[in-house]
Amino acid sequence: MMQPITFKNRSVPVYYPPGQEEALKALPGKLRELELNFDFRKRWKEIASVEMSRDVAIFQYHDGTKLYLEVG
């Protein structure tokens, strides 16, 4: 399933398997915690998509690299 998430006026698609809605609901809170992290905000512009896998958000960048972030 797919749902867009908006952070700093930019929307990114979030892909998640059925039954993982709770982890998806925790993602905006984790993004708010990273709001003051300048490096994350700068790299947010390069994120192509986010994939949820249980309590981990996998941020996929345009260059193929990934960032794993625990949300739960």
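Read the figures in this text as sums done on the coordinates, not as results from a lab. Being a predicted model, the structure only gives us computed values, none of them experimental. Counting neighbours? That spans all protein chains shown, and the Cβs are built from the backbone with ideal geometry, glycine included.
In contact with a helix residue (DSSP H, G or I) (Cβ under 9 Å, 6 or more places away or on another chain) and free of Cβ contacts under 8 Å to residues at least 24 places away in the same chain: does that describe Phe7? The answer is no for Phe7.
Of the residues making up the range 1-25, those that are loosely packed, with under 12 Cβ neighbours inside 10 Å and assigned to a strand (DSSP E or B) are Met2, Pro4, Thr6, Arg10, Ser11.
Each row is one residue, and each column tells you yes or no for (1) exposed (fewer than 13 other Cβ atoms within 10 Å of the Cβ); (2) in a strand (DSSP E or B).
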residue	(1), (2)
Leu27	no, no
Glu35	yes, no
Phe40	no, no
Met52	no, yes
Phe59	no, yes
Gly64	yes, no
Leu69	no, yes
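Scanning the range 46-72 for residues being of a type in the set (Lys, Arg) and over 12 Å from the mean Cα position of the chain (by Cα) gives a total of 1.
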